[in-house]
Amino acid sequence: MFFGRSCSGSWFLPVYPPVPLGPAYLVLGKGPPPKERTLPVSDNSANKMWGGRFKASPSEIMEEINASIDFDKRLAPQDIRGSKAHALMLGDTGIISKSDAAKIVKGLDQVAAEIEAGRFQWRGKSEDEDIHMAVERRLTELVGEAGKRLHTARSRNDQVATDFRLWVRDWIDGADAALRDLMMALAEKAEAHHGTIMPGFTHLQPAQPITFGHHLLAYVEMLSRDRGRLRDARSRLNECPLGSAALAGTSFPIDRKMTAEALGFDRPMANSLDGVSDRDFALETLAAATICAVHLSRFAEEIVVWMTPQFGFIRLTDAFTTGSSIMPQKRNPDAAELVRAKVGRIAGGLQGLVMVLKGLPLAYSKDLQEDKEQTFNALDSLRLAIAAMSGMVRDMEPNPERMAKVAGLGYATATDLANWLVEKKGLAFRDAHHVAGRAVAEAEAQGIELDQLSLKSLQAIEPRIAADVIVELGIKRSVARRASYGGTAPQNVLKMAKSWSKRLEKERGKG
Ligand code: ARG
């Protein structure tokens, strides 16, 4: 019976004689036994690749659960790159003839061209179970005997480990450039708005006035660390599993350094079991991606909030908003909302892969096929989120009047009053804080803002307060004074924005 043979039995010797559980309905105590059902069998030809041992064809359900072609098709470019390097190495080491190697390489180029042009004829899942089998099948159709020699000294286990590494590495390179672009967009906007005042929040309550440019540059810093994390992941990822073969290496005199170098890896992986079975490179990339997605989601949330008429800080054009089918006045920040939500898939991908890998014995198990779909989904989502963010940043127009107006609300310059008393009158900060607190209470009682309090009212609280304090309570002075390194003062922000733009521009030139 088909399912019988795929059931490998227990991994450990049972301590007690195993207790037969009987049919599920007996255990669950529910209803009559289900009717015996035969599983559909697709056809009676044994599978070409591993068909030697098996007479019957896999059932359709087996095919469905076993095949990965639907989602690993996209590894075709990486698979073909890997196979070309492998074939050339086999030729160079004399494991196959040079002319066979040349035929294989030519054939693989043709397969690549067919796939790219959408001309590739995919077969059913019993034959084209995954991308590796599909490519090899077509190669052999095209070049005959030579094609059958490609899989010498290789297994799909090291093949897929190599392909997946190459894919993740390509993704990192693309994400690095996309993040750089987003940072450039932010730095440019920050430069333009280095002096645009907005309220700064803690607890989402008005805290102190800041500049819009400063706020944007905070994300530039975060994204720069995200890029750093991805680059770190890349450097650890960049070792080549090809040549690990099924799990134990191979008896053929392969040259692993040659294939590693041809594929742009720093070196071959040093242990074949590790080579075929670990996916920590994907985990690490997903972890870095998750952190980046968290950063983007925070910014996305701010865009959503800033877009509300209640805040009214920014405007996005039709390019990044949608209307409502029923409420004509609506302008909805859908793109920002979706960036905010994508973190679910991305963090989910990380979590999912952790679950796939935990407890897996060495070396390869088919569980590892479950590494790809969720990684693709997570990393595709992040790519899209980064691109959408770049678009929104470039599209976003702040409303400086509105932001300045609310920046002064909520007694946001109370700290400036306290600081003035410390600097000018030598009060201890605790005492100054108390005085400023009383001034806020007084302004609140009069229903006005701090800088509207009369000197008389202020002096009634603290006689040492002099007329020159009033100017300090305006938002312009408040931000200008915060010139400590990393602070919000417009001059700081301008300098930082310019230096980021220069650095990123230079990198782009090199990249
Ligand atoms: N499609 C498989 C995967 O993604 C390729 C490796 C299959 N190896 C095997 N021993 N069945 O993992």
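The values are calculated or read from the model by the stated rules, or taken from the named source; none is laboratory data. Just so it is clear, the model here is predicted, and its values are computed rather than measured. Here the Cβ is made from the backbone with ideal geometry for all residues, glycine too, and neighbour counts use every protein chain on show.
Data for the structure
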{"read-out": "Scope region 236-271; condition within 14 Å of the ligand (Cβ to nearest atom), in contact (Cβ under 8 Å) with a residue 40 or more places away in the chain and among the small types (Gly, Ala, Ser); matching residues", "value": "Ser244, Ala245, Ala246"}
{"read-out": "Residues located in region 111-134, provided they are of a type in the set (A, V, I, L, M, F, W, C) and either more than 12 Å from the ligand (Cβ to nearest atom) or modelled with pLDDT under 95 (or both)", "value": "Val111, Ala112, Ala113, Ile115, Ala117, Phe120, Trp122"}
{"read-out": "Restricting region 335-377 to residues that are part of a loop (DSSP other than H, G, I, E, B) and of a type outside the set (Ser, Thr, Tyr), the residue that is nearest to the ligand (Cβ to nearest atom)", "value": "Ala363"}
{"read-out": "Qualifying residue in region 150-167 (condition: surrounded by 22 or more Cβ atoms within 10 Å (Cβ to Cβ), away from the ligand (no atom under 16 Å from the Cβ) and more than 12 Å from Ser83 (Cα to Cα))", "value": "no"}
{"read-out": "Test result for Leu108, within 24 Å of Ala378 (Cα to Cα), part of a helix (DSSP H, G or I) and touching a residue at least 12 places away in the same chain (Cβ under 8 Å)", "value": "no"}
{"read-out": "Condition check for Leu286: outside any loop (DSSP other than H, G, I, E, B), at pLDDT 95 or above and closer than 14 Å to Val168 by Cβ", "value": "yes"}
{"read-out": "Region 443-460: number of residues that are surrounded by fewer than 17 Cβ atoms within 10 Å (Cβ to Cβ) and farther than 25 Å from Pro400 by Cα", "value": "9"}
{"read-out": "Check on Ala282, within 24 Å of the chain's Cα centre (by Cα), within 16 Å of the ligand (Cβ to nearest atom) and surrounded by 21 or more Cβ atoms within 10 Å (Cβ to Cβ)", "value": "yes"}
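Conditions (1) within 18 Å of Leu409 (Cα to Cα); (2) out of contact with any Pro (no Cβ under 9 Å at 6 or more places or on another chain); (3) of a type in the set (Phe, Trp, Tyr), marked per residue:
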position	(1), (2), (3)
Ile197	yes, no, no
Gly213	no, no, no
Val220	no, yes, no
Arg227	no, yes, no
Ala233	no, yes, no
Glu239	no, no, no
Phe252	no, yes, yes
